[in-house]
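Chemist: The structure that follows is given in the form of structure tokens.
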Amino acid sequence: MRHPFGRLAVAVLTAAVAVLPATAAVARQDRAAALPTVHPRAETAPLSDDEAGGNADADDPAIWRDAADPDRSLVIATAKEGGLRVYGLDARLVQSVAAPAGPTPEDAPGRFNNVDLVPGVRLGRGRADLAVTTDRGNDRLRIYRVDPAAPGGPLTDVTDPAAAPVFAADQAEINEERTAYGLATWTDRSTGRSYALVSRRERTTLALLELIPAAAGRVGYREVRTLDLPSAFRLPDGTSWSPCAEPGELPQVEGMVVDPANGVLYAGQEDVGIWRLRADLTGTPRLLDKVREYGVPGRYDEATEECVAGADPGYGGTRISADVEGLTLLQERDGDGYLLASSQGDDTFAAYDRETGEGNEYAGGFRVTAASAALDGSEECDGAAVLDQQLGSRYPRGLLVVQDGHDAPGDGDTAVTNFKFVDLGDVKDALDG
């Protein structure tokens, strides 16, 4: 999450580091620098978040594997007001899908935030793989059928026209943009039903939506239940703490992923940490890890529109820095694997053991750094996707795709972003080493 919504988290981090003893700040930098590095093999063309670039801003990717021809596998990624981008494994553009406009020119435009895949959904007489995205501008889910042989491109919109807003009561509330934000999909193996878990911008609410086949091969959804994560936290000294934010904002969730083997949802509350809970949104959530800034008091300054942080009481974690985003699950073929999380505050990635019985132990971390002067690394990563399967001749050991929030070279005034493609074998070697 970045401008205008991410600068507060950056300000909190900067101010918090400033009040730490110099040795602690140096130690933090040393920890990040000591992590192993991996380098991208390719990158997509830059996206520019300005009128000339169609207000396109890279955010979140998903990897679709073509079982019949793995070399034709695709990366499907959100570009916010720029809609969806589809890339081949060579990182070249295959298809661009525009975000739908608002109902009138005065209403908020479509804005695609996060994307995830649902394989093998029964539609009519057959099955199809679906790409589901949150349209934050219109407070809807948008659903696309994935078919590389389809005329006009691999994605075809199959959203039920009757699909209702996810959270908002009316268009006026939609225009305030407290709308559908983060996303993870899940198919319950016990019932075969497929769901989308959706977070709400500037709120702590999560919603469980069942995906429902409709007429003519369309797909809609219905709300099953919602859950609100905490917005205030009791600290060890007995005081209550909430992350600093603009008045009226609550600590939101964006990055989410479900482990299909056990129906566990991992949700990144950006300025708080990573939660583990049941994907059906029943039971009690557990805070798996905290950001380093957890517990740091802050005061919102109306003049600067930034948070001024106080002294760090030392209640935060040691592995991730706000914002925590880009959650993705590395599912190894033997059943092992890792939960990967983007630590935006220090441009690193943290890995946690997939095994919940051992408390999702921290397993290490890594950085994605420049491969050459022309191919830079990943900074302030918003979204990530990983697939531990053979992906043709380019990525026989699997693929990690990460968003780069500061593609180089930029122009200094416009946000320039893109996606980096990293050989998953290199990541696993770094974590195992």
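Chemist: I'd like the full set of residues that are open to solvent by less than 10 Å² (accessible area, probe 1.4 Å) and part of a strand (DSSP E or B), limited to segment 396-422.
Modeler: Within segment 396-422, LEU399, LEU400, VAL401, VAL402, GLN403, ASP404, THR417, ASN418, PHE419, LYS420, PHE421, VAL422 meet the criteria.
Chemist: Name the one entry in ASP280, ASP271 that is closer than 25 Å to TYR362 by Cβ, under 20 Å from the mean Cα position of the chain (by Cα) and either not small (Gly, Ala, Ser) or not in a strand (DSSP E or B) (or both).
Modeler: On inspection, the qualifying residue turns out to be ASP271.
Chemist: Hey, can you tell me all the residues within segment 113-141 that are free of Cβ contacts under 8 Å to residues at least 60 places away in the same chain and part of a loop (DSSP other than H, G, I, E, B)?
Modeler: Correct list: ARG125, GLY137, ASN138, ASP139.
Chemist: Given (1) within 23 Å of the chain's Cα centre (by Cα); (2) part of a loop (DSSP other than H, G, I, E, B); (3) not small (Gly, Ala, Ser), where does GLU223 come up short, assuming only one miss?
Modeler: For GLU223, the failing item is (2).
Chemist: Which residues, counting only those in segment 370-393, are of a type outside the set (A, V, I, L, M), out of contact with any helix residue (DSSP H, G or I) (no Cβ under 7 Å at 6 or more places or on another chain) and over 19 Å from LEU327 (Cα atoms)?
Modeler: Selection gives SER372, ASP376.
Chemist: Has segment 220-230 got any residue that is in contact (Cβ under 8 Å) with a residue 60 or more places away in the chain and open to solvent by 50 Å² or more (accessible area, probe 1.4 Å)?
Modeler: No: segment 220-230 contains no residue that is in contact (Cβ under 8 Å) with a residue 60 or more places away in the chain and open to solvent by 50 Å² or more (accessible area, probe 1.4 Å).
Chemist: Where residues in segment 151-199 are assigned to a strand (DSSP E or B), of a type in the set (Val, Ile, Thr) and open to solvent by 40 Å² or more (accessible area, probe 1.4 Å), which of them is nearest to ARG276 (Cα to Cα)?
Modeler: Here the residue is THR187.
Chemist: Shifting gears a bit: Taking the conditions exactly as written (open to solvent by 10 Å² or more (accessible area, probe 1.4 Å), at pLDDT below 95 and out of contact with any Cys (no Cβ under 9 Å at 6 or more places or on another chain)), does ASP336 satisfy them or not?
Modeler: yes
Chemist: Output yes when any residue across segment 242-252 is assigned to a strand (DSSP E or B), of a type in the set (S, T, N, Q), open to solvent by 20 Å² or more (accessible area, probe 1.4 Å) and more than 14 Å from ARG201 (Cα to Cα), and no when none is.
Modeler: Looking for residues that are assigned to a strand (DSSP E or B), of a type in the set (S, T, N, Q), open to solvent by 20 Å² or more (accessible area, probe 1.4 Å) and more than 14 Å from ARG201 (Cα to Cα), one finds none in segment 242-252, hence no.
Chemist: Another question, then. Of all the residues that make up segment 87-107, how many are in a loop (DSSP other than H, G, I, E, B) and either open to solvent by less than 10 Å² (accessible area, probe 1.4 Å) or more than 28 Å from GLU173 (Cβ to Cβ) (or both)?
Modeler: Summing the residues that are in a loop (DSSP other than H, G, I, E, B) and either open to solvent by less than 10 Å² (accessible area, probe 1.4 Å) or more than 28 Å from GLU173 (Cβ to Cβ) (or both) in segment 87-107 gives 4.
Chemist: Checking the conditions here, which among ARG367, ARG333 is assigned to a strand (DSSP E or B) and among the basic types (Lys, Arg)?
Modeler: Answer to the selection: ARG367.
Chemist: Can you go through GLY110, GLY82 and tell me which one is within 20 Å of VAL402 (Cβ to Cβ), at pLDDT 95 or above, outside any strand (DSSP E or B) and in contact with a strand residue (DSSP E or B) (Cβ under 8 Å, 6 or more places away or on another chain)?
Modeler: GLY82
This table checks each residue for (1) at pLDDT 85 or above; (2) basic (Lys, Arg); (3) open to solvent by 60 Å² or more (accessible area, probe 1.4 Å).
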residue: ALA16; (1), (2), (3): no, no, no
residue: THR23; (1), (2), (3): no, no, yes
residue: LEU35; (1), (2), (3): yes, no, no
residue: ARG41; (1), (2), (3): yes, yes, yes
residue: ASP50; (1), (2), (3): yes, no, no
residue: ALA62; (1), (2), (3): yes, no, no
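Chemist: Which condition breaks for VAL427 when tested against (1) open to solvent by 30 Å² or more (accessible area, probe 1.4 Å); (2) over 18 Å from TRP64 (Cα atoms)?
Modeler: Status for VAL427: all satisfied but (1).
Chemist: Let me ask something else. If I ask for residues that are within 26 Å of GLU270 (Cβ to Cβ) and either out of contact with any Ser or Thr (no Cβ under 8 Å at 6 or more places or on another chain) or in a loop (DSSP other than H, G, I, E, B) (or both), which ones from segment 200-213 would you list?
Modeler: Listed by number, the residues that qualify are ARG201, GLU202, ARG203, THR204, LEU209.
Chemist: How about segment 339-381: which of its residues are among the aliphatic types (A, V, I, L, M) and open to solvent by 30 Å² or more (accessible area, probe 1.4 Å)?
Modeler: Listed by number, the residues that qualify are ALA363, ALA370, ALA371, ALA373, ALA374.
Chemist: Here is a further query. Count, please, the residues in segment 64-77 that happen to be in a loop (DSSP other than H, G, I, E, B) and open to solvent by 40 Å² or more (accessible area, probe 1.4 Å).
Modeler: Final tally of qualifying residues: 4.
The values are calculated or read from the model by the stated rules, or taken from the named source; none is laboratory data. As the structure is a computational prediction, the values presented were derived from the model and not from experiment. A quick note on method: Cβ atoms are made from the backbone with ideal geometry, for glycine too, and the neighbour counts reach across all protein chains shown. For accessibility, only protein heavy atoms count, side chains too; no ligands or nucleic acids. Shrake-Rupley method; radii C 1.70, N 1.55, O 1.52, S 1.80 Å.
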